[in-house]
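Heads up: the structure comes next, in structure tokens.
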Amino acid sequence: QFEEFILDACMYLLDKSKLKISNRKDPVSVSRAMSALVNANDDSGVLIGNWSGNYGNGTSPLDWIGSVAILQKYYETKKPVCYGQCWVFSGVLTTVMRCLGIPSRCVSNFNSAHDTEENLKVDVYLNEFGEMLDSKSVDSIWNFHVWNDVWMKRTDLPTGFDGWQAIDSTPQEKSEGIFQCGPCPLKAIREGDVYLPFDSKFVYAEVNADKVYWIVKTENGKDKYRKIGTETQGIGMNISTKAVGQDKREDITAQYKFPEGSEEERKAMQKASSFIRPSGMTPRALFFSTVPVNEVHSNSNVPHEVVSKSGLQLEITKKEPLYPGNPLELVITVKTCKPGCWTINLASSCQLHSWACDEAPSCVFSPAETQVPLKIAADAYMKMLASVEDEVLIHITAIAEIQGTDNKLTKEVTMNFEYPPITIQMPETAKLNKEFACAFIFKNKLNMPLDNCKLLVEGLGIFNMTEFDEGVVKPGMIIKSEIICTPTRLGEKKMVAKLTSTQIKSISAEKAIAVTE
């Protein structure tokens, strides 16, 4: 917020918001307006969102390494900048809010629900082989989502709701006719007071919704839906922000929700459910038939976990590190904690490659476990790595069906590829207005070449974003780029580096340096 033209850009946004002068002293009005203006959907704001995987006429969201270049470009052109996704929107909004004098922090929510109907349920549709049928769902679950908390008094609310408030500039759902979200008190989210403004039902669902799994079978040209389970503890995990004054993750889950399964959580869920439309358990697919659905109705609106009668449990783990260019070696472990013999049919799918297990059905005795290895050849996914501009994740779904029963269990896991690191070499301290060298080094330890490599570096508060075109980096090859820096401000500064290529979209590193007199 202290960089050149950032204050000008933020004042331009404030003018663009058309807030009355008297409302510009109100942090509630200002933060809500900025949550709308950082996206470009309704008002030619700062950033255009793009989740298509095609960023040819702009900058990939993965290539930004800070908010400064975005805000400077927007202020210079007075036109929306291409492109952003949630972490980019959040980073820009953090800078804008701090510049306008409102404390702000980025918040990352892992397994974040996008509940379009505000009924605390997100439907997940699978075919018989465990493949996700995303086109059928009106809801979605992001493996992570990033928004902001801002600190303020809420004089417009009853006593007790001051402090951190959630706001979100990523355009997800319209609020009062435009794409804006918040401010919503964290205390209201935690305690289920979802009647309070603004957008508390939507934010509550992001961290508390249940995943309802459906198997879809086509019979006589019509889709039949069968509910196979409900997962109540997978949404809203490891809610995180950066620790103050440290390069560490601070877990703030407890500020958003009570411990899973606690009495306080049950009461908060009951309170929230009383203000949210009842859903029943009918699938909400975009195109679904009226075929009756096997379902279990609860007398309570409070979602509950469907417990396997057999005590069956599924785990999905990696056998070896997941390096791109290597085979992906995974293991599905089937466990049971109850006595008896169960014959289990197992099907599984992966985002990069799909298959149905052709193993013989497994007999599982208690106490025992059976491991089913899954191996994906590199050839099966390498073309996909090169064909999209987004970072590719490995999403595995497994379905276990116990023969002779209606008992089915499903498990989802998302895994990341692992990459060689970028090393930043520079002194621990530097003198004000004195030159020092900063080197960025990368060795390709993968067994595949990296095409169209670009190294993006920025010295926050020291030098602007600089790009090095490295071309093709072959296996075993080392690249080194150096910048001569002259710090002009005292205090701790940070170097940030990011490497992108056709096959790998985002290897990043950062390192701090103290500037003294």
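The values are calculated or read from the model by the stated rules, or taken from the named source; none is laboratory data. Note that the structure is a prediction, hence the values are computed from the model and not measured. Ideal geometry is used to build each Cβ from the backbone, glycine not excepted, and the neighbour counts take in all protein chains shown. Just so you know, the surface numbers come from the protein's heavy atoms only, side chains and all, with ligands and any DNA or RNA stripped out. Shrake-Rupley method; radii C 1.70, N 1.55, O 1.52, S 1.80 Å.
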>> When you scan the range 263-280, do you find a residue that is in contact with a helix residue (DSSP H, G or I) (Cβ under 8 Å, 6 or more places away or on another chain), modelled with pLDDT under 90 and under 22 Å from ASP115 (Cβ atoms), even just one?
In response: yes
Apart from one, (1) buried (at least 20 other Cβ atoms within 10 Å of the Cβ); (2) hydrophobic (A, V, I, L, M, F, W, C); (3) in contact with a Leu (Cβ under 6 Å, 6 or more places away or on another chain) all hold for ILE65; the odd one out is (1)
Inside the range 372-391, the number of residues satisfying the requirement of being of a type in the set (Lys, Arg) and in a helix (DSSP H, G or I) is 1
Expected output for the range 494-511 (first residue without any contact (Cβ under 8 Å) to a residue 40 or more places away in the chain, partner part of a loop (DSSP other than H, G, I, E, B) and buried (at least 19 other Cβ atoms within 10 Å of the Cβ), Cβ below 9 Å, 6+ apart or cross-chain) is LYS494/ILE462
* Asked: Looking at this structure, is TYR55 touching a strand residue (DSSP E or B) at 6+ places or on another chain (Cβ under 7 Å), hydroxyl-bearing (Ser, Thr, Tyr) and not in a helix (DSSP H, G or I)?
  -> yes
Taking the range 69-90 and keeping residues open to solvent by less than 20 Å² (accessible area, probe 1.4 Å), in a helix (DSSP H, G or I) and either closer than 23 Å to PHE468 by Cβ or in contact with a Cys (Cβ under 9 Å, 6 or more places away or on another chain) (or both) leaves ILE70, LEU71, VAL88, SER90
Note on the range 20-42: residues of a type outside the set (A, V, I, L, M) and within 17 Å of SER90 (Cα to Cα) are SER31, ARG32, SER35, ASN39, ASN41
Within the range 447-485, residues open to solvent by 60 Å² or more (accessible area, probe 1.4 Å) and closer than 19 Å to ILE424 by Cα come out as LYS454, LEU460, ASN464, MET465, GLU467, ASP469, MET477, ILE478, LYS480, GLU482, ILE484
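Which one of THR488, THR405, THR466 is in a strand (DSSP E or B) and among the polar types (S, T, N, Q)?
One residue alone meets the criteria, THR466.
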If you check ILE424 against the conditions, is it under 28 Å from the mean Cα position of the chain (by Cα), closer than 23 Å to SER481 by Cα and surrounded by 14 or more Cβ atoms within 10 Å (Cβ to Cβ)? yes
Going through the range 390-425 in order, the residues found to be in contact with a Pro (Cβ under 7 Å, 6 or more places away or on another chain) and closer than 19 Å to ASP63 by Cβ are PHE417
Reported set for the range 132-162 where residues are touching a residue at least 60 places away in the same chain (Cβ under 8 Å) and farther than 30 Å from ASP26 by Cα is MET132, LEU133, SER135, LYS136, SER137, VAL138, ASP139, ILE141, ASN143
Scanning the range 206-232 residue by residue, the ones that are touching a Gly at 6+ places or on another chain (Cβ under 8 Å) and open to solvent by 50 Å² or more (accessible area, probe 1.4 Å) total 0
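Given the criteria under 18 Å from GLU117 (Cα atoms), open to solvent by less than 50 Å² (accessible area, probe 1.4 Å), not hydrophobic (A, V, I, L, M, F, W, C) and not in a loop (DSSP other than H, G, I, E, B), does LYS201 qualify?
no
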Selection over the range 104-116 where residues are over 17 Å from CYS181 (Cα atoms) and of a type outside the set (A, V, I, L, M, F, W, C) yields a count of 1
Over the range 418-437, the set of residues of a type in the set (D, E, K, R) and touching a residue at least 60 places away in the same chain (Cβ under 8 Å) is GLU418, GLU428, LYS431
